[in-house]
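Data first, discussion second: the structure below is written as structure tokens.
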Amino acid sequence: MMHAQRELMAVMGKQYSESGVSPQDGAEHLGATGDSPNEIMTRVAARMAERQAAWSTTLDEAQGSAAQFGVAEFPAQPKDSGNAELHRHLREVNAEFADLHNEPILAESPATRVPVLGKIWASVRQHAHELVLFYVNRGTFHQLSVNRRLVSVVNLLTAQLEEQRAEIAQLRRDLARHDDADKRRSP
Amino acid sequence: MKVAVVTPRYGEHILGGAETMARRFGEELARRGHVVHAYTTGATNHGDLRNDLPAGVATINGVRVERFGLLPIGNRLSHDALLQRILWGVRTTVHEQFAWIGAGAHSPGMYAALESQSPHYDLALLIPYPFPLIHYAAACTRCPAVIWPCLHDEGYAYTEPVRMLLATSAGVQLNSLPEREFMEQRLRVHHPRAHVVGYGVDPVRADAAAFRAKFGIADPFVLYSGRIEVPKNVNVLVDFFKRHKIDHPGPLKLVLMGAGTGVDTDHPDVITLGFQTGADKQNAYAAATLLCQPSINESFSIVIMESWQAEVPVLVHAQCAVTRHHVERSNGGLIFATYADFSQALRTLTVNSELARAMGARGRDYVAREYNWNTVLAKFERAAEDWIGAGMIAARAT
């Protein structure tokens, strides 16, 4: 058996033995190229990195893409909008409402390096950490849902406000035109 | 034409809209004389891809199916945290989004097979978009790779890897016009070779009396069919139904057909049947007074088509552009946004059986006209000419 196939069987064997099925994962394809699963993954990941690099040239890596799903569309500021402050806050709240952090960061503890007991302590810390994450994530999810709805409401109201403002301005212009015409007609 | 269908889960007993579509589409293409091979994994569970089925080759309803093993996810804790952030719409950097694609469940055997075998196909159809495996498979495919995304308005869709997958593919196959509008307006992906193909719906031969006899349900009922989960908005359906029963007591029941967790279905008038297939599923459609599809994340919705095949009207959520589009075009049902709409719709369709029948008939005609396999596969073949032509041009250019 080729090295690549043996390695594949080793990787898959653990999972297959757990699931009670026999390992036969595409060994003939791996055998044909002589590559190990790791080599294939490295090759495909490199190809993905190339595609990502080409794609990302127009993107700002640090900013990431806007988290917009389920949110009513952010209204563009009309050129003649009289309330620049409102639109500045709106832009900021749309940009920031999804900036929450729930990365699983577990701080180093020197006690985990103590022989035997350290491993037990590390395991306890890990489980406690996962429990904390569970509750924090529940709260985060709820807060995000509320944020998403509130931002949607503000976006919709602002769009409506701008529409009404434009309509009122138009009506005022019409009224002024009629007034002028009346004044010209009157002796 | 020789077509490779690439999808993480494949099989007659696999639950899921996109997975059912991939399988039935492949089978109908094969029946039409095309050569169809499916590349899939041993995974059966939507939420957790792992090797449930053995790797190997089999022929299922005319389609050669090859299953490959999956590597285990390396760091489960950080993968799940990242996935959660993407799903919830927490802001993530482009780097994190690509890291999620890299850290997902992958199948090197499948990738090696696609690298060596895909040049022998006219095109590869990759479905659906949220799985990292689909992104890597697209990068390994050496024939025109067409993405059949089944897009939803959800966290995954707005990530840069997904926008890249769609924009750099040879083509995009879409299920409906609203899905195309979503891709163009919300995701800002304008693909010159994006085609709305749709999906064929199989004729339903249903026996309402057989369903009532087998499951012992004599009362009129509202049917839900699909995953019984919060992301499908089933909690809203159950909640609204319970309120409706307080306001309008009577024999009406809510029958939930499918599997899932996280929804409190404990109520004397809510009946859960579990996952049903074949005749039992079709008979349930015919026996229902109406089918309710509360989900706001659908790219096609097979269940409303199946309900219409049984001439039963549907009730859909106003926030789902796709199901609303179908109902508005067919006039085969009603739309709800609030509890008041929902309750009024139930009253209308349960009291006015003539109106319900007329809506069901209009829905049936709509499905027969728009979503029969001949029409859908003819659209696919026309789109494929465009995709394959584009692939040849791209190959010449490189």
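Shown here for segment A:77-166: GluC sites (Glu not before Pro) in loop regions (DSSP other than H, G, I, E, B) with at most 14 other Cβ atoms within 10 Å, namely A:Glu108. For chain B, the relative contact order comes to 13 percent (Cα pairs under 8 Å, sequence separation of at least 6). Considering only alpha-carbon pairs that sit under 8 angstrom and 6 or more positions apart, the relative contact order computed for segment B:309-398 is 30 percent. Around the amide H of B:Leu123, modelled in the peptide plane, lie the amide H atoms of B:Lys2, B:Ala4, all under 5 Å away and 5 or more residues distant in sequence or on another chain.
Relative to the longest principal axis of the Cα atoms of chain B, the long axis of helix B:373-397 makes an angle of roughly 20 degrees. By other beta-carbon atoms within 10 Å, ranking B:Glu12, B:Glu311 with the fewest at the front produces B:Glu12, B:Glu311. Between the Cα long axis of helix B:353-370 and the first principal axis of chain B there is an angle of about 20°, rounded to the nearest 10.
The lysines whose alpha-carbon is closer than 17 Å to the alpha-carbon of B:Lys2, local same-chain residues fewer than 8 away aside, are B:Lys379. The C-alpha atoms of chain B define a longest principal axis, and helix B:321-330 lies at about 60 degrees to it.
For B:Phe221, the residues whose amide H sits under 5 Å from its own are B:Lys253, B:Thr289, B:Leu290, ignoring neighbours fewer than 5 places away on the same chain, with H placed 1.01 Å from N.
Taking the Cα centre of the protein assembly as shown as origin and assigning +1 to Lys and Arg Cβ atoms and -1 to Asp and Glu Cβ atoms, the resulting dipole is close to 400 debye. Each residue of segment B:134-147 is assigned a 3J(HN,Hα), and the resulting list reads 5, 5, 5, 4, 4, 6, 9, 7, 10, 10, x, 9, 9, 8 Hz, derived from the Karplus form 6.51 cos²θ - 1.76 cosθ + 1.60 (θ = phi - 60°), x at Gly and Pro.
Bear in mind these aren't lab numbers, they're just calculated from the coordinates by the rules spelled out. Remember, predicted model here, so these are calculated numbers, not experimental data. Heads up, the Cβs are rebuilt from the backbone with ideal geometry, glycines too, and the neighbour counts pull from every protein chain shown.
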